[in-house]
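Scroll down for the structure; my scribbles are underneath it.
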Amino acid sequence: MPVAAQPRATLVLDNGAYTIKAGYATVEAPSIIPNCIARGRDRRVYIGDEFLTQCKDFSGVVFRRPFEKGHLTNWESEKAIWDRVLLNPEVGFNVSPDETALIVTEPVLHLPACSSNMDQIVFEEYGFSTYYRCTTSALVHENETGLLFGGSGRSDTTLVVDSGYSATTVIPIVADAVFYPAVRRLNVGGKLLRNFLKETISFRHYNMMDEIHIVNEIKDQSCFVTAQFAKDLETCKRLLPANNPLMLDYVLPRATASGFRQGHVRDVSLPPDPDDQVLTLGNERFSVPEILFSPSDIGIKQAGLPEAIMQAVSAVPDPDARGLLLGNVVLAGGNTKFPGFRERMSMELQALVPDDVTLRIGFPEDPITYGWQGGAQLGQQKSRLRSRQVTRKEYMEHGPNVCLRKFGKKSIKALE
Amino acid sequence: MPLVELVQTVTASSTAPGRKKGPIRQSDSAAVQRTINRRLADLERENYNEGVKIEVPKTEVARSSGKTPAVRRILASKKNLSNLFDEDETGAGEFYSAAVEPSRYPTRHLCSVCGYWGSITCIRCGARYCSLACEDTHRETRCLKVYA
């Protein structure tokens, strides 16, 4: 058996249900690649980044995702996407797995069987040199989180709130390890918000039940979190659209003589174009993200995110750790990017926190790539990574269970 | 002049259009909850049309894949999440026990038609609305028609 050479490069993959944030540990920022296989109306199939670069008409596009409810269950599609990201020269990574160290993320409450499938694919199919699997929150924790609080350095205790596509999870990390008994999952994610907006628009304005991608863009461009829900609801009820500052016109995408014009918020200073199809949004703009703070609005029997954070913290037995967790709350994930999210979160959480605890909430500049940034930090600290990773040699000797044991899960009997 | 007036037992306006005689059929709480659950399941879907199947395109790399039997088994596996939960009860148990608990604060209700405060409950299906105008829209469109 040849001696394994030291890996020449470290690749960090933040493998999310919506996008993969991929990049070598030495670069500044990752490439953000849709983690899906899409099919356009013309039956043409796009894998991963092809969807954003080559698809022009987003109307009627359907998606196939490897993730199901936050678990990576379908490797047939994930492998097709990974093949393109890792090996396709168009994407540019040109990974030689046998010389590369890999850092990959998985969901927090991943089933051991799903984790093990990833381990086996990484070593037996791609043949990476070394491998470290962890949660995105663990990578967020690797960042210099002190910078978010106006200081510097890292703490060994962080409360990571990861609000992504599948769900929103609150993950207490105590003494550098994820404290699994206190992890709490709120079943509200970007997917649910998009589908709720789609349902609402289809009921009140135009039928857009097939327009998944377009509604997602509408959500990204026009939704915001209000700090005064009752007052804004009154405003939208009482005032006429012309006088209502909260209403917004969204121009739907359409084909023009010079190609496709993408959807956008209407610029009120310009005269309206009669060919444009305009969608007027009122209280949908803020009642959609409101679901993160009040899931019972649509019948989900769970508390909102601030309360969920307190539930997670209360489940940590050590009272000192609880204080430290509330002093190091970090918000990550795409849903935290809604305008007004930070202010509303600070306001609501401050009301729930005990008097003797200092609450500090950190808002990274880019919540979507913050996890990857932590991975890049870890990737550059060779000795720290070396103590945690599994090498190909260890895998060949001991089998897939070595990954499960080393990365903190119970081993699977069938693989012994 | 009769002192006792006949009290009719209808529970809604008898001038509502298209209503047949007799008391209005009410949904029980189990049926209402089933409707809510079905709608929430719909909100978790990826595509509107459930039967969409996108075949993974066969590329150069795909043809040389499946180097070991374990990998071939994983790639060919058609198991979905419910199969995996059935196989691993402990894992499924941990997943469900990590769910956020219900709120301590009272639920607020929004009109299912326009989004304002929904103070009135539809007797037939349990949905909320805020005013007579929204009631009419609700009766015409969604009452007992979707998911019923």
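Throughout, read-outs are computed from the coordinates displayed, never taken from laboratory work. As the structure is a computational prediction, the values presented were derived from the model and not from experiment. Glycine gets a Cβ as well: all are built from the backbone with ideal geometry, and neighbour counts include every protein chain shown.
The Rg/Rh ratio for the stretch B:40-97, using Cα coordinates for both the radius of gyration and the Kirkwood hydrodynamic radius, is 1.08.
When the chymotrypsin sites (Phe, Trp or Tyr not before Pro) in the stretch A:163-226 are filtered for DSSP coil states and for at most 13 other beta-carbon atoms within 10 Å of their beta-carbon, the remaining sites are A:TYR206.
Label point of B:THR68 set 7 angstrom out along Cα-Cβ; within the stretch A:84-112, amide nitrogens under 15 Å from it belong to A:98. Taking chain A as a Gaussian network of alpha-carbon nodes connected by springs under 10 Å, the highest mean-square fluctuation of the residues A:SER166, A:SER115, A:SER258 belongs to A:SER258. For the stretch B:86-148, which trypsin sites (Lys or Arg not before Pro) pass both filters: DSSP loop (anything but H, G, I, E, B) and at most 15 other C-beta atoms within 10 Å? Passing both the DSSP loop test and the Cβ count: B:ARG104, B:ARG108, B:LYS145.
Report the chymotrypsin sites (Phe, Trp or Tyr not before Pro) located in the stretch A:51-141 that are in a DSSP loop and have at most 11 other Cβ atoms inside 10 Å of their Cβ, or state none. Taking the stretch A:51-141 and a limit of 11 other Cβ atoms within 10 Å, no loop chymotrypsin sites (Phe, Trp or Tyr not before Pro) are found. What is the distance in Å between the Cα centres of the stretch A:112-163 and the stretch B:112-129? Taking the Cα centre of the stretch B:112-129 as reference, the centre of the stretch A:112-163 is 44 Å away.
Counting only other chain Cβ atoms within 10 Å of each residue's Cβ, the peptide A:179-191 averages 3.
With all projection directions averaged, the alpha carbon convex hull of the stretch A:242-305 covers 6.4 nm². Distance between the modelled labels on B:LYS58 and B:ASN80, one decimal in nanometres: 2.6 nm (7 Å Cα→Cβ projection). With kT/(6 pi eta Rh) evaluated at 4 °C and eta = 1.567 mPa s, and Rh the Kirkwood radius from Cα pairs, the protein assembly as shown diffuses with a coefficient of 50 µm²/s according to Stokes-Einstein. Peptide A:298-307 is shielded by partner chain Cβ atoms: per residue, an average of 5 of them sit within 10 Å of its Cβ. Model label sites at B:ARG25 and A:ALA227, defined 7 Å from Cα along the beta-carbon direction, differ in position by 5.0 nm.
Summarising the label geometry, the points placed 7 Å from Cα in the beta-carbon direction at B:SER97 and B:ASN37 lie 2.2 nm from one another. Between A:PRO306, A:PRO253, A:PRO30, the residue with the greatest mean-square fluctuation in the GNM of chain A (Cα pairs under 10 Å linked by springs) is A:PRO253.
With Cα atoms as the point set, the radius of gyration and Dmax of the stretch A:201-345 evaluate to 19.1, 65 Å. Across the cross-link table entries A:LYS219/A:LYS337; A:LYS79/A:LYS406; A:LYS191/A:LYS219; A:LYS301/B:LYS79, which are compared at the Cα atoms, the separations over 18 Å belong to A:LYS79/A:LYS406; A:LYS301/B:LYS79. Applying 1/(1 + (r/R0)^6) with r as the Cβ-Cβ distance of B:TRP117 and A:ALA29 and R0 = 51 angstrom yields a FRET efficiency of 0.70. Per residue of peptide B:83-90, the mean number of Cβ atoms on other chains within 10 Å of the residue Cβ is 3. By other beta-carbon atoms within 10 Å, ranking B:ILE36, A:ILE300, A:ILE171 with the fewest at the front produces B:ILE36, A:ILE300, A:ILE171.
With Cα atoms as the point set, the radius of gyration and Dmax of the stretch A:61-117 evaluate to 13.1, 38 Å. Taken over the stretch B:27-148, the ratio of Cα radius of gyration to 2.2 N^0.38 Å equals 1.62. Using just its DSSP H runs of length 4 or more, each adding -39500 (n - 2.57), chain A gives a mean residue ellipticity at 222 nm of -9500 deg cm²/dmol after division by all residues. Comparing A:GLY70, A:GLY150, A:GLY334, which has the greatest mean-square fluctuation in the GNM of chain A with Cα pairs linked when under 10 Å apart? Result for chain A, Cα springs under 10 Å: A:GLY150 fluctuates most.
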